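The values are calculated or read from the model by the stated rules, or taken from the named source; none is laboratory data. Since this is a predicted model, take the numbers as computed values, not measurements. Note that we place each Cβ from the backbone using ideal geometry, even for glycine, and neighbour counts take in every protein chain shown. The area values use the complete protein model at the heavy-atom level, side chains included, leaving out ligands, DNA and RNA. Shrake-Rupley method; radii C 1.70, N 1.55, O 1.52, S 1.80 Å.
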Amino acid sequence: MNITKELWGTSPDGKEIFLYTLKNASGAYVQLCSVGAGIVSIVVPDRNGKLEDVVIGYRNTNDYFADGPCSGKVPGRFANRIAKGKFTLDGVEYTLPVNNGPNHLHGGPKGFQNQVWESRIEGDSVEFLYYSADGEAGYPGNLKAVAHYTWGEDNSLKLILTAQTDKPTVVNLTNHVYFNLDGEASGSVLNHKLELNASQWLPTDETLIPQGEPQDVAGTPMDFVEAKPIGRDIQADFPALKYGKGYDNCYLIDGALPGQLSTAAELWGATSGRHLEVLTTQPAVQIYTGNWLKGCPEGKSGHAYEDYDAVAIECQHCPDSPNRPDFPTTVLRPGEVLEEAIIWAFDAR
């Protein structure tokens with residue numbers, strides 16, 4: 001594995017931003033940056049061996065700060081939404097910044113995705129580190145978060161996310177990378193096929209906060225148990241699809257067990273023959289079909305992204321978990337180590 005490091009720019013507050021390129025023997029490669037421990041590029045072959053970048057991203061380094069899509073980055077301290085920006089832990093109520101309608105999203109406007117992480121090459125991997133201070137964005141506890149990436153000779157990218165705290169807190173970490181398996185500038189992914197290892201999903205209110213109990217996907221437009229084009233049912237007269245202008249919903253992974261890898265999703269490009277399998281130790285996966293990509297920063301190739309030009313497959317815990325004791329816990333206490341894995345495995349058929 002060949003890994004290179006280069007200075008990629010400086011943040012608005014003067015911090016150096018580094019870009020890492022991890023290239024395997026076949027020439028396929030991944031690029032990572034220290035803004036939000038982000039995935040900038042994944043360049044893999046199609047069925048004819050043509051290498052192409054299959055994740056969206058931006059031409060200018062500083063566009064990775066405060067972008068609406070949170071492209072390729074690790075949001076935190078809590079990915080996804082917390083209702084009304086409030087939760088109670090051990091009898092103490094905490095208040096977080098509200099930045100998505102009435103709710104707190106992705107750790108707020110100064111979340112992990114908008115921070116420059118410390119970074120280093122560690123053997124055949126690249127590791128990013130962020131220290132989140134007690135009280136940052138309203139969260140309790142000094143938190144140490146690490147994102148450890150490894151690129152394989154088999155064209156699989158592995159991410160290990162870990163966190164430790166000195167005070168009880170809540171944590172939900174993922175990566176918010178968006179895929180277009182026909183190439184990042186190739187247009188809509190509505191003709192990509194998606195399959196989810198999930199027979200239940202979480203209905204929400206109009207602000208995308210889960211309401212009530214998980215529901216079966218069978219017989220609804222939310223059903224991806226068998227592979228189908230992403231766009232087949234996206235215009236259906238169904239509340240969830242109206243709320244988000246497309247899919248922006250959390251699915252519970254069938255058979256998920258803490259610490260054990262399960263397949264969450266598979267995605268097929270419409271024309272390239274590229275195929276992606278996503279595996280994780282996390283209990284849920286949020287599917288977001290890029291419903292609001294239009295107007296985001298200029299793409300890497302000078303392409304202006306439009307709505308539905310890419311899909312995010314975010315392996316994580318359930319939204320609003322701190323307010324839902326019936327969901328898998330996101331509480332992290334001193335002496336414990338949060339450790340979750342996500343693997344993106346690429347091939348072509």
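Against the test of being in contact with a Phe, Trp or Tyr (Cβ under 7 Å, 6 or more places away or on another chain), open to solvent by 10 Å² or more (accessible area, probe 1.4 Å) and within 29 Å of His104 (Cα to Cα), the options Gly138, Gly212 yield a single qualifying residue, Gly138.
Return a yes/no flag: does segment 214-231 have any residue that is among the charged types (D, E, K, R) and either in contact with a His (Cβ under 6 Å, 6 or more places away or on another chain) or under 30 Å from Ile121 (Cβ atoms) (or both). So far as segment 214-231 goes, no, none of its residues is among the charged types (D, E, K, R) and either in contact with a His (Cβ under 6 Å, 6 or more places away or on another chain) or under 30 Å from Ile121 (Cβ atoms) (or both).
Residue-wise test of (1) of a type outside the set (Asp, Glu); (2) surrounded by fewer than 21 Cβ atoms within 10 Å (Cβ to Cβ); (3) over 30 Å from Thr162 (Cβ atoms).
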site: Asp237; (1), (2), (3): no, yes, yes
site: Lys245; (1), (2), (3): yes, yes, yes
site: Cys250; (1), (2), (3): yes, no, no
site: Thr263; (1), (2), (3): yes, yes, no
site: Glu266; (1), (2), (3): no, yes, no
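In this structure, Gly269 does not satisfy being at positive phi and touching a strand residue (DSSP E or B) at 6+ places or on another chain (Cβ under 8 Å). Kindly check whether there is at least one residue in segment 160-172 that is touching a Phe, Trp or Tyr at 6+ places or on another chain (Cβ under 8 Å), in a loop (DSSP other than H, G, I, E, B) and more than 28 Å from Tyr305 (Cα to Cα). Yes, segment 160-172 contains a residue that is touching a Phe, Trp or Tyr at 6+ places or on another chain (Cβ under 8 Å), in a loop (DSSP other than H, G, I, E, B) and more than 28 Å from Tyr305 (Cα to Cα).
Condition check: of a type in the set (Ser, Thr, Tyr), open to solvent by 10 Å² or more (accessible area, probe 1.4 Å) and either within 20 Å of Ala310 (Cβ to Cβ) or more than 19 Å from the chain's Cα centre (by Cα) (or both). Does Thr271 satisfy that? Judged against the criteria, Thr271 is a match.
Would you confirm whether any residue within segment 229-238 is free of Cβ contacts under 8 Å to residues at least 12 places away in the same chain, over 22 Å from Thr263 (Cα atoms) and among the acidic types (Asp, Glu)? Yes, the conditions are met somewhere in segment 229-238. Scanning segment 15-37 turns up one or more residues that are at pLDDT 95 or above, of a type in the set (Lys, Arg), under 23 Å from Asn114 (Cβ atoms) and open to solvent by 50 Å² or more (accessible area, probe 1.4 Å). When the strands (runs of 3 or more DSSP E) confined to segment 51-150 are screened for residues that are more than 30 Å from His192 (Cβ to Cβ), touching a residue at least 40 places away in the same chain (Cβ under 8 Å) and out of contact with any helix residue (DSSP H, G or I) (no Cβ under 9 Å at 6 or more places or on another chain), those reaching at least 1 such residues are found at 92-95, 118-122. Within segment 87-98, the set of residues being under 22 Å from Asn114 (Cβ atoms) and open to solvent by 20 Å² or more (accessible area, probe 1.4 Å) comprises Tyr94, Thr95, Pro97, Val98.
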